[in-house]
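Here the structure is laid out as structure tokens; the discussion comes afterwards.
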Amino acid sequence: MANLNALLQKCSSNVPVSHIHIKQLQAHLTTTGQFQSKLCPVRSKIIEFYALSPLNELAYAHALFRQINAPSTNDFNAILRGLAHSSKPTNAVLWYRQMLRGSHRSDALTCSFALKACARVLALFETLQIHSHVLRHGFLADALLGTTLLDVYAKVGEIVSAKKVFDEMGVRDIASWNALIAGLAQGNLASEAVDLFKRMKMEGVFKPNEVTVLGALAACGHLGAWKEGDKIHEYIREERLDMNVVVCNAVIDMYAKCGLLDKAFEVFDNIKCRKSLVTWNTMVMAFAVHGDGPRALELFEQMGRAGVKPDDVSYLAALCACNHAGLVDDGVRLFNSMANCGVKPNMKHYGSVVDLLGRAGRLQEACDIVKSVSMGTDMVLWQTLLGACQLYGDVEMAEIASRKLVEMGSNNCGDFVLLSNLYAAYERWDDVGRVRKAMKNRDVKKVPGFSYIEVGGVIHKFFTSDKSHVKWREIYEKLDEIMFKIKEYGYAAGTSCVLHDIGEEEKENALCYHSEKLAVAFGLISISEATSIQVFKNLRICRDCHDVIKLISKVYNREIIVRDRVRFHRFKDGACSCKDYW
């Protein structure tokens, strides 16, 4: 009996206990009739033990619960928590509703577990209902519950609601700050995430920890805000957070996304803790998106020599490196070696190989792969093939890919735009009109291209022919100067990029004021000559902008880094790191 009493105390104080001891305790409580008593201090703990058991004993926990004549709130919560962590979290929401319908008393933990389930299934409507319940019963004073609530709102994309919850919390803990910083970083409000991180440091109530810096670094990477990222890295070193490999991986990724490949490799090379598989994968992918295929493949080979077994992500990174560097034979060899190394190719690997072959003009081989994979029913593969057809002007194959995408129900503007552009390149204006009419009928909206640049800690965003900037006159004057100077170096506007039925002069004017050119011009008048100009674009850079920026780097003796939707372009001395292959 003394052993059972000791076990009882362990369960009551959350000390881990073994499965067999729980069974013994359960048998004792059942045979002595204590299991039915409301005063039993560990009944809910036993139910929760089975509900969360890695041995998949949730059904057994349910069976125990049903034996209780008058279950308490804690008993309900034990099942609710198990359901929220199960493979079917929707059942947790149903259980929560059942509790309320049965007039069973809920508490802050009830709402917290139900909200965790909502976060997993992105259930906004149910989240709003639970939020109303929380406010009605005054549970928001609980910092844990408030944090869970704002985390759910952030995950379902309701960032405004998440910020409102944060602002209204009477008591916050470090998890509250971390949840909102991460939510802002992931919700396209990266600049606000960085600002909140700085505010947290300035207020000084809580010290940023590993989780905090992960969110802030992700935001810096998204923005390309390397100066802010540098400050965070300095804080990480000061607080010795760089002993955590996950933090180091995030620093490498941040520098790579900010265009600072050498800094990323410096962190990788001098890492204080043991490198994980993710560390290697992050660095291989960094080389890949910067177009340094040889170094990416060299590091991939080095992984094996270091005793690290590549996984599917490793192979994808290496394939991307081959793709961006035009290493077709190396890419095909890598892809064919996957099965022998025990790694099964997935759709991303097939997509990378299709893109690799397509960029190299081997369209029929790419098409054969698309048709062979899952009977050719993967939309992304056909989209990749369509892009390659547009690049090489293969109208017939493009029409096949386009028809297939329509059959599969694609409503992606890019699919229509690629086909329309291909028709326009051959001046088939009737077909262009037909595609645009189809877009209108399907209510397909074209995504507008934009570019942004950070100057003095402020993000400046530009659209094509944009005149909304406070210095737009100076920017346009600089662009006119640029165009005059680069023509002396043989520049001729690549009007083939302008796929509209208009005159040559109008085409030249349309090209001149693309968003990336405006951003670079602003960089030239705003950033000191000793500093590189970094521009970020949401779409692929066009051929004419690429040619212009190469010449700008030569004429003005500036290093210019452009990150587009696909990769990095580092322009220096009139050349680009992509070697004109992208």
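The values are calculated or read from the model by the stated rules, or taken from the named source; none is laboratory data. Note that the coordinates shown come from a computational prediction; the quantities given were computed from them, not determined experimentally. When we count neighbours, we look across all protein chains shown, and the Cβ atoms used for this are built from the backbone with ideal geometry, even at glycine. Note: accessible area is taken over every heavy atom of the protein model, side chains too, but ligands, DNA and RNA are not part of it. Shrake-Rupley method; radii C 1.70, N 1.55, O 1.52, S 1.80 Å.
Please list, in chain and number order, the residues 5+ apart from Val455 or on another chain whose amide H is under 5 Å from its amide H, with Hs placed from the backbone.
Hits under the 5 Å cutoff: His460.
Taking the alpha-carbon centroid of each part, what is the distance from region 363-416 to region 302-353 in angstrom?
23 Å
Filter Lys485/Lys572; Lys163/Lys537; Lys471/Lys537 down to the pairs with a C-alpha to C-alpha distance above 22 Å, please.
Details: Lys485/Lys572 17 Å; Lys163/Lys537 28 Å; Lys471/Lys537 20 Å.
Violating the 22 Å Cα-Cα cut-off are Lys163/Lys537.
Using the Karplus curve 6.51 cos²θ - 1.76 cosθ + 1.60 with θ = phi - 60°, work out ³J(HN,Hα) for each residue of region 19-28 in order, rounded to whole Hz, and write x for Gly and Pro.
Each residue's phi maps through the Karplus curve to give 4, 5, 5, 4, 4, 4, 5, 4, 4, 4 Hz.
With a 1.4 Å probe and every protein chain left in place, tell me how much accessible area His85 has, in Å² to the nearest 10.
Answer for His85: close to 110 Å² accessible.
Within the accessible area of the chain, what % is carbon and sulfur when the probe is 1.4 Å and the other protein chains stay in place? Before the final figure, lay out each step's value.
Values: 14700 of 28110 Å².
For the chain, the apolar C and S fraction of the accessible surface comes to 52 percent.
Run the helix sum for the chain: -39,500 (n - 2.57) per DSSP H stretch of 4+ residues, divided by residue count, reported at 222 nm to the nearest 500 deg cm²/dmol.
-19500 deg cm²/dmol, from helical runs alone.
How high is the relative contact order of the chain, in percent, with contacts defined as C-alpha pairs under 8 Å that are six or more residues apart?
Values: 833 pairs, mean separation 36.1, N = 582.
Relative contact order here is 6 percent.
Among 399-409, 26-36, 512-522, 564-574, how do they line up by average Cβ neighbours within 10 Å per residue, starting with the highest?
Values: 399-409: 16.5, 26-36: 14.1, 512-522: 25.1, 564-574: 18.6.
Highest-to-lowest ranking by the protection proxy: 512-522, 564-574, 399-409, 26-36.
For region 387-474, state which chymotrypsin sites (Phe, Trp or Tyr not before Pro) are in a DSSP loop and have at most 15 other beta carbons lying within 10 Å of their beta carbon.
Details: sites: Tyr392, Phe416, Tyr423, Tyr426, Trp429, Phe450, Tyr452, Phe462, Phe463, Trp472; in loops: Tyr426.
Those that pass, being in a loop and sparsely packed, are Tyr426.
Taking only the Cα atoms of region 141-294, how large is their convex hull per residue, in Å³?
Roughly 110 Å³ of hull volume per residue.
So if the hydrodynamic radius of region 451-576 is defined as the Kirkwood radius over C-alpha pairs, what does Stokes-Einstein give as its diffusion coefficient at 37 °C and 0.692 mPa s, in µm² per second?
Values: Rh = 14.5 Å.
Rounded to a whole number, D works out at 226 µm²/s.
Quick one: order Met303, Met397 from most to least accessible surface, probe 1.4 Å. Don't jump to the answer; show the numbers that get you there.
On the way: Met303 0, Met397 20 Å².
Heavy-atom accessible area, descending, gives Met397, Met303.
Across region 98-112, in residue order, what do the Karplus-derived ³J(HN,Hα) couplings come to in whole Hz, using 6.51 cos²θ - 1.76 cosθ + 1.60 with θ = phi - 60° and x for Gly and Pro?
Here the 3J(HN,Hα) series is 4, 4, 5, 5, x, 6, 7, 6, 10, 9, 4, 5, 4, 5, 5 Hz.
Of Cys40, Cys220, which has the most accessible area and how do the rest follow, probe 1.4 Å?
The ordering from most to least exposed comes out as Cys40, Cys220.
Exceeding 20 Å between C-alpha atoms, which entries from my cross-link table qualify? They are Lys446/Lys550; Lys227/Lys263; Lys371/Lys404; Lys227/Lys550; Lys348/Lys371; Lys478/Lys554. Provide the component values of the computation, followed by the final result.
Details: Lys446/Lys550 28 Å; Lys227/Lys263 12 Å; Lys371/Lys404 11 Å; Lys227/Lys550 25 Å; Lys348/Lys371 15 Å; Lys478/Lys554 16 Å.
In this structure, Lys446/Lys550; Lys227/Lys550 exceed 20 Å between Cα atoms.
May I ask which residue of Phe335, Leu196, Val134 lies farthest towards the positive end of the charge dipole of the chain, with charges of +1 (Lys, Arg) and -1 (Asp, Glu) on Cβ and the Cα centre as origin?
The one lying farthest along the dipole's positive direction is Val134.
So what is the accessible area of region 451-576 per residue, in Å², with the probe set to 1.4 Å?
Working: 5970 Å² over 126 residues.
Averaged over the residues of region 451-576, the accessible area is 47 Å².
Ranked by accessible surface with a 1.4 Å probe, highest first, in what order do Ser532, Ser191, Ser314 come?
Numbers: Ser532 30, Ser191 55, Ser314 0 Å².
Heavy-atom accessible area, descending, gives Ser191, Ser532, Ser314.
Assign unit charges at the C-beta atoms only (+1 for Lys and Arg, -1 for Asp and Glu), then state the dipole size of region 451-576 relative to its Cα centre in Debye, rounded to the nearest 20. Provide the component values of the computation, followed by the final result.
Working: 20 positive and 19 negative charges, 115 e Å.
In debye, rounded to 20, region 451-576 gives about 560.
Using the Karplus equation 6.51 cos²θ - 1.76 cosθ + 1.60 (θ = phi - 60°), what ³J(HN,Hα) coupling, rounded to whole Hz, does each residue of region 267-278 give in order, writing x for Gly and Pro?
5, 4, 6, 10, 4, 7, 9, 5, 5, 9, 4, 4
With axes computed from alpha carbons, what is the tilt in degrees of helix 245-257 against the longest principal axis of the chain, rounded to the nearest 10 within 0 to 90?
20 degrees
Count the net charge of all other residues whose Cβ sits under 15 Å from the Cβ of Phe206, scoring Lys and Arg as +1 and Asp and Glu as -1.
Working: positive: Arg172, Lys198, Arg199, Lys201, Lys207; negative: Asp173, Glu203, Glu210, Glu239.
Value of the local net charge: +1.
Charges only on Cβ, +1 for Lys and Arg, -1 for Asp and Glu: so what's the dipole of the chain about the Cα centre, in debye to the nearest 20? Mind showing how you got there, number by number?
Values: 71 positive and 65 negative charges, 406 e Å.
Dipole of the chain, to the nearest 20 debye: 1960 debye.
Placing +1 on the Cβ of each Lys and Arg and -1 on the Cβ of each Asp and Glu in the chain, which of Trp429, Met347, Gly456 has its Cα farthest towards the positive end of the resulting dipole?
With unit charges placed on the Cβ atoms, the residue in question is Met347.
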